[in-house]
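Worksheet: the structure to be examined is printed underneath.
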Amino acid sequence: MKKYLLLTNEELKRTAKPYLIVVAVLMLLEFILTAAITKMHEGKIETFMRENGVSMQEAIDAYGKSSFAQVVASGPFLLILGAGMMVILISAFVIWYRDWFGKTNYIYRLLLLPGSRSSIYFAKLTTIVLLMFGFVAIQWLMFFVLAPLHDLLLPPELFERVSIAAVLERSGLMYLYDFYLPNFALIYLFALLLIVFIFTLVLIERSYRKGKKVIRIFLQFVILGAVYGATLLVINSDHLFANEKGMLFLAFTFLYLAFLVIIGLRTVSKKITV
Amino acid sequence: MLEVHGLKKRYGRKNVLDNVSFTVQPNTLTCLIGLNGAGKSTILKGIMGLIPLDSGTVLIDGTGSKDAVAYIPDLQTMPGHMTVGDALDYMNDHYADWNGETAESLLRTFQLMRTDVITDLSKGNQAKFNLILGFALDRPYLILDEPLAGIDIFTKEQIAWIFTSEFMEGRGILMTTHEIDEIEHLIDRVIFLQDGRVIDEHDAEEMRELHGKSVQDRMREVYAR
């Protein structure tokens, strides 16, 4: 346990700086985008009024009121969110590869440390999961900062004040912030599955490096992934109640996750090559 | 005693290690010698479990545990952002047999500062720092991979000094090196490797006294065949 905590602390220290820079850039982009989209809407209303000599109410009738939900639901804003998620997934590759290809060969030290090598795996996994939840939480806080900003940038008659719940609902982001426990578990179990899948791919590549064996093992995982996907499709048929589907989704996802974790741990313990 | 029995390793169709066996006794310096690609580093990595072996066993004082061996590779193994002090604290946190006094003593001897950033160290200082990480572990066996490679003559002399110091006492050392000159007089046993096989093995003292040959002389004979 001590080894796991020490390694997690070390991984977080090594990741903090680049992570905070990326998150800060994305948040800054969200600020700029919110201001730009809001001001563009105001500009459209003003232009329409000027060119057509109509009242503000008539312009609003033509273009509608601006709401923060519209800003979030816009393509560019969702693109920034997607970029954040992509950074998390790329981090799942980087957190391993940097130990081989960084300025130093830290993988030697990690593998030489006394005690079980599973701590290395779980420390890296914990780090990525914390990065993911960190990003989701920061984004959640950003909604509470950007929504008033949006309203502040417009005259009161030009915007419609909406709740954060409505923002999430209209932008399709309610799945990320679903606080109903089974749904929350399912969404983040999927995310965890994706991270663990990446870990398994990296560890197999780092163990066998190249050749037919790597391709064969990759294909096995693709086939297993397809079987898993097909199982979910079958479960999603009309013969089951929603809660039964949810439980089966959870059970099969958990099984596939456990399988991938076991493969990853076995690879780190027995097959990995510096 | 560190015992290596029948190590085998293949990369594709190439036999990198072919039934390699030898022993390292406590309180001796055993040198693995071979041309580039002979399998020296692979043997050391195999002993430490850094690469999977196809077959063979490694026993350290009769057990399979590696906790009695410290490994000093020829590259930097600590995260680049760390200072020397951070790295020593890291070792202290992770290793129950870390000897802080030895580390501080060697730090003074090698004139390294705790505030030095690891990636800013010169090649020679990185080699010294690696030695500290290995020698400050209270372990009866040490494995060193090319500790003298690519460094200037004065640093080599400083590093060679450690093998005659009190930090060496009682320890069994297994080392690979191409730089025989600096440590010839310290070597107790020499193992010659070629194409992943042990082709010759000698007690260095016996070789010098009975046959009047230095390790380098024997090396020329073996590899010039």
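The values are calculated or read from the model by the stated rules, or taken from the named source; none is laboratory data. Given the structure is predicted, the values throughout are model-derived calculations rather than measurements. Cβ: placed from backbone, ideal geometry, glycine included. Neighbour counts: every protein chain shown. For the accessible areas, the whole protein counts, side chains as well, though only heavy atoms, and no ligand, DNA or RNA atoms are used. Shrake-Rupley method; radii C 1.70, N 1.55, O 1.52, S 1.80 Å.
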| Out of A:Ala230, A:Leu192, A:Phe218, whose Cα points farthest toward the positive end of the dipole of segment A:178-274 (charges: +1 Lys, Arg; -1 Asp, Glu; placed on Cβ)? | A:Phe218
| Table column - 3J(HN,Hα) (Hz), segment B:53-66, Karplus curve with 6.51, -1.76, 1.60, x for Gly and Pro | 9, 6, 6, x, 10, 10, 10, 10, 6, x, 10, x, 6, 8
| Protein-protein interface of segment A:106-138, residues with accessible area decrease of at least 20 Å², isolated chain reference, 1.4 Å probe | A:Tyr106, A:Tyr108, A:Arg109, A:Leu112, A:Leu113, A:Pro114, A:Arg117
| field | Distant-in-sequence amide H partners of B:Leu137 (H built 1.01 Å from N, under 5 Å) | value | B:Asn99
| In square angstrom, what is the accessible area per residue of segment A:1-177 with a 1.4 angstrom probe? | 48 Å²
| query | For chains B and A, what's the summed buried accessible area, probe 1.4 Å, to the nearest 100 square angstrom? | reply | 2100 Å²
| message | Between A:Val234, A:Val202, A:Val22, where does the largest GNM mean-square fluctuation fall for chain A, given springs only between Cα atoms within less than 10 Å? | response | A:Val234
| said: Just want to confirm a number: the relative contact order over chain A, from Cα pairs under 8 angstrom separated by 6+ residues, in percent. | reply: 26 percent
| request: Go through segment B:105-121 and flag every residue whose accessible area shrinks by 10 Å² or more with all protein chains in place compared to the isolated chain (probe 1.4 Å). | output: B:Thr119
| remark: Once phi for every residue in segment B:136-151 is put through the Karplus expression 6.51 cos²θ - 1.76 cosθ + 1.60 (θ = phi - 60°), the whole-Hz ³J(HN,Hα) values, with Gly and Pro written as x, are 7, 8, 6, 10, x, 10, 10, 10, 10, 9, 6, x, 10, 6, x, 10
| task | Go through segment A:84-105 and flag every residue whose accessible area shrinks by 40 Å² or more with all protein chains in place compared to the isolated chain (probe 1.4 Å). | result | A:Thr104, A:Asn105
| Residues whose placed amide H lies under 5 Å from that of B:Val16, excluding near-sequence neighbours | B:Lys9, B:Arg10, B:Tyr11
| message | With a 10 Å cut-off between alpha carbons and a GNM built on chain A, which of A:Phe254, A:Phe184, A:Phe241 moves the most? | response | A:Phe241
| request: Evaluate peptide B:64-77: per residue, the Cβ atoms of other protein chains within 10 Å of its Cβ; return the mean as an integer. | output: 3
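Rounded, prolate or oblate: which one fits the protein assembly as shown, using the alpha carbon gyration tensor with axes a ≥ b ≥ c (rounded when a/c is under 1.5, else prolate when a/b beats b/c, else oblate)?
prolate
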| Of all trypsin sites (Lys or Arg not before Pro) in segment B:1-34, which ones are in loop regions per DSSP and have a Cβ with at most 14 other Cβ atoms within 10 Å? | B:Arg13
| note | Once normalised by the length of segment A:178-274, the mean sequence separation of its alpha carbon contacts under 8 Å that are 6 or more apart gives a contact order in percent of 51 percent
| remark: If one builds a Gaussian network model of chain A from Cα atoms under 10 Å apart, the most fluctuating residue listed among A:Lys13, A:Lys103, A:Lys39 is A:Lys103
| Nearest-5 percent of antiparallel DSSP beta bridges in the protein assembly as shown? | 55 percent
| message | Defining a contact as two alpha carbons under 8 Å apart and six or more residues distant in sequence, what relative contact order in percent does segment A:31-78 show? | response | 39 percent
| query | Taking H as built 1.01 Å from N, whose amide H comes closer than 5 Å to the amide H of B:Tyr71, not counting residues under 5 places away? | reply | B:Ile143
| Tell me, what ³J(HN,Hα) does each residue in segment B:110-121 have, in order and in whole Hz, if you take phi through Karplus 6.51 cos²θ - 1.76 cosθ + 1.60 with θ = phi - 60° and put x for Gly and Pro? | 8, 6, 9, 9, 4, 8, 5, 7, 4, 6, 8, 5
| task | Would you check the accessible area of A:Tyr228, probe 1.4 Å, heavy atoms only, in square angstrom rounded to 10? | result | 30 Å²
| request: With no solvent and one equal point scatterer placed on each C-alpha of segment A:178-274, evaluate the Debye formula and give log10 I(q)/I(0) for q = 0.10, 0.17, 0.18, 0.20 Å⁻¹, two decimals. | output: -0.33, -0.79, -0.85, -0.97
| said: Per residue, how much accessible surface does segment A:178-274 expose to a 1.4 Å probe? Answer in Å², no decimals. | reply: 58 Å²
| task | Considering only protein heavy atoms, with the full assembly of protein chains and a 1.4 angstrom probe, order A:His239, A:His150, B:His94, B:His211 by accessible area, largest first. | result | A:His239, B:His211, B:His94, A:His150
| request: Identify, among A:Leu5, A:Leu131, A:Phe159, the residue whose Cα sits farthest towards the positive end of the charge dipole of chain A, taking +1 on the Cβ of Lys and Arg and -1 on the Cβ of Asp and Glu, with the dipole about the Cα centre. | output: A:Leu5
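Let me spell out the model: positive unit charges on the Cβ of Lys and Arg, negative unit charges on the Cβ of Asp and Glu, origin at the Cα centre of segment B:100-178. What dipole size does that give, in debye rounded to 20?
Result for segment B:100-178 is approximately 60 debye, rounded to the nearest 20.
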| Antiparallel content of DSSP bridges confined to segment B:97-225, in %, to 5 | 60 percent
| said: What is the percent carbon and sulfur in the accessible area of segment A:1-177, measuring with a 1.4 Å probe over the protein chains and ignoring ligands? | reply: 70 percent
